[in-house]
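This report refers to the structure that appears directly beneath it.
The values are calculated or read from the model by the stated rules, or taken from the named source; none is laboratory data. Bear in mind that the values here come from a model prediction, so they are computed numbers and not experimental data. Virtual Cβ from ideal backbone geometry, glycine too; neighbours counted across all protein chains shown. Protein only, heavy atoms only, side chains kept; ligands, DNA and RNA dropped before computing areas. Shrake-Rupley method; radii C 1.70, N 1.55, O 1.52, S 1.80 Å.
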Amino acid sequence: MYRSFKTAIELFNPEVVFFLGDIFDEGQLVSAPSFNDYTSRFHSLFSVPISTRVYVVVGNHDIGFHYRITPLLVNRFENAFNASAVRRIRLKDINFILINSMAMEGDDCFLCKAAVKKIHQISGDLECERYPRNPGCTAKVKTKSYSGPIILQHFPMYRESDEFCTGDDSAPDKETSFRVKLDCLSESSSQYLMKSLQPKLVISGHTHHGCLYHHQVPLQDENVVSFSIIPEYSVPSFSWRNRDNPSFLLGYFTKDDYNLAKCKLPRESSVILLYFFGAMIIFLKTVGFVPRRSRRDILPNLKLLGIGIIILSCTAYLYIRK
């Protein structure tokens, strides 16, 4: 993972990198010293040049699902990564809105109330940028040009399952129903975000699988009811721990448009097979260089070594393919 990330940074030299949450395995369970160690390890693994900006979206493994979140867990993650519940980032007139999915529960908890208040503020600012002549718009907002926002969050927007997802990295069990507020946002929260922010694109993670899903958002005029189609890209896991074929999303964004490409990492199974064949070549070369007189003495040990290599390689391959 470290080498893959470093290679991607060196090849593409991105201006900004977004992490879509779950940067820790058990961030909600560890003590303060362990959390600090995790944070240091993250910055060590995913270090970038000074010219590259990094933004982190909070995931459920970082602070827990909504029902077990405490102010302590939220505050220490926000302080470590400057990751507030809702954050608007404007880069080259492009609006990115980072959202804590656990803050979209829809109740009056301390986290949700602050998130809804911030979304209401951002919605008003975007409305004024889009329609600067509206009454009540401040001069500061009027001077900014409008660009449809891009939402980045950990949970996908509401969908029943991954049934309509395509691609070789989509979920193997596509028809398994999503658990609302655990596998995706609720339908009401999704509609609230779509209506309030009117994004042109949504990018999410969480499921460990890839998916392109098109949301139909109703647009109601006085006499006509139409729909706006908003695409959502769920990005697969970047780690071999979660899938054999990890990948990441590479994006080029302008004020009015965007272009996305999926960049695939080497398959873990392919890497293991390379190690296996490499070990066998070394084994055969070693046997070939042994004098015939000595070969009879060490041949039993070499056979055991070869059998051990085969068993270990096959076991590892079967494990990652299950």
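When you look at D107, is it modelled with pLDDT under 95, of a type outside the set (S, T, N, Q) and either within 21 Å of V235 (Cα to Cα) or not in a helix (DSSP H, G or I) (or both), yes or no? When the stated conditions are applied, D107 passes them. Within the option set R41, R3, being farther than 30 Å from L182 by Cβ, free of Cβ contacts under 8 Å to residues at least 40 places away in the same chain and either of a type outside the set (A, V, I, L, M, F, W, C) or in contact with a Leu (Cβ under 7 Å, 6 or more places away or on another chain) (or both) holds for one residue only, R3. List, please: which pairs have Cβ atoms under 7 Å, are six or more places apart or on different chains, and start with a residue in region 108-119 that is without any contact (Cβ under 8 Å) to a residue 60 or more places away in the chain and end with one that is among the small types (G, A, S)? Correct list of pairs: L111/A85; L111/A103; C112/A103; C112/G106; A114/A85; A115/A85; A115/A103; K118/A85. Please work out if I230 is touching a residue at least 60 places away in the same chain (Cβ under 8 Å) and open to solvent by less than 40 Å² (accessible area, probe 1.4 Å). Considered against the rule, which asks whether it is touching a residue at least 60 places away in the same chain (Cβ under 8 Å) and open to solvent by less than 40 Å² (accessible area, probe 1.4 Å), I230 comes out as no. Within region 161-192, the set of residues being in contact (Cβ under 8 Å) with a residue 40 or more places away in the chain, open to solvent by 10 Å² or more (accessible area, probe 1.4 Å) and aliphatic (A, V, I, L, M) comprises just one member, L182.
R130 falls short of the stated requirement of being within 21 Å of F253 (Cβ to Cβ), open to solvent by 10 Å² or more (accessible area, probe 1.4 Å), out of contact with any Gly (no Cβ under 8 Å at 6 or more places or on another chain) and modelled with pLDDT of 95 or more. Restricting region 233-272 to residues that are over 22 Å from F155 (Cα atoms) and in a loop (DSSP other than H, G, I, E, B), which is least open to solvent (accessible area, probe 1.4 Å)? Only one residue tops the list, namely L265. Quick check: is even one residue across region 139-158 free of Cβ contacts under 8 Å to residues at least 24 places away in the same chain, open to solvent by 60 Å² or more (accessible area, probe 1.4 Å) and over 22 Å from R88 (Cβ atoms)? Taking every residue of region 139-158 in turn, none turns out to be free of Cβ contacts under 8 Å to residues at least 24 places away in the same chain, open to solvent by 60 Å² or more (accessible area, probe 1.4 Å) and over 22 Å from R88 (Cβ atoms). Evaluated against (1) surrounded by fewer than 18 Cβ atoms within 10 Å (Cβ to Cβ); (2) at pLDDT below 95, V54 falls short on exactly one condition, (2).
Conditions tested, residue by residue: (1) free of Cβ contacts under 8 Å to residues at least 40 places away in the same chain; (2) under 21 Å from K255 (Cβ atoms); (3) open to solvent by less than 40 Å² (accessible area, probe 1.4 Å).
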site: S47; (1), (2), (3): yes, no, no
site: Y67; (1), (2), (3): yes, no, no
site: N82; (1), (2), (3): yes, no, no
site: V86; (1), (2), (3): yes, no, yes
site: I94; (1), (2), (3): no, yes, yes
site: I97; (1), (2), (3): no, yes, yes
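Scanning region 134-181 for residues that are among the aliphatic types (A, V, I, L, M) and either at pLDDT 90 or above or under 20 Å from N242 (Cβ atoms) (or both) gives I150, I151, L152, M157, A171, V180. Answer yes or no: is there a residue in region 79-86 that is more than 18 Å from F35 (Cβ to Cβ) and over 18 Å from the mean Cα position of the chain (by Cα). No, region 79-86 contains no residue that is more than 18 Å from F35 (Cβ to Cβ) and over 18 Å from the mean Cα position of the chain (by Cα).
Could you grab me the full set of residues in region 24-45 that are within 18 Å of N82 (Cβ to Cβ) and open to solvent by less than 40 Å² (accessible area, probe 1.4 Å)? Correct list: F24, G27, F35, T39, F42. Would you check which residues across region 176-210 are more than 17 Å from Y67 (Cα to Cα), part of a loop (DSSP other than H, G, I, E, B), hydroxyl-bearing (S, T, Y) and in contact with a strand residue (DSSP E or B) (Cβ under 8 Å, 6 or more places away or on another chain) and list them? Answer for region 176-210, where residues must be more than 17 Å from Y67 (Cα to Cα), part of a loop (DSSP other than H, G, I, E, B), hydroxyl-bearing (S, T, Y) and in contact with a strand residue (DSSP E or B) (Cβ under 8 Å, 6 or more places away or on another chain): just T207.
No other residue among Q216, Q220 is surrounded by fewer than 15 Cβ atoms within 10 Å (Cβ to Cβ), more than 23 Å from A8 (Cα to Cα) and at pLDDT 75 or above apart from Q216.
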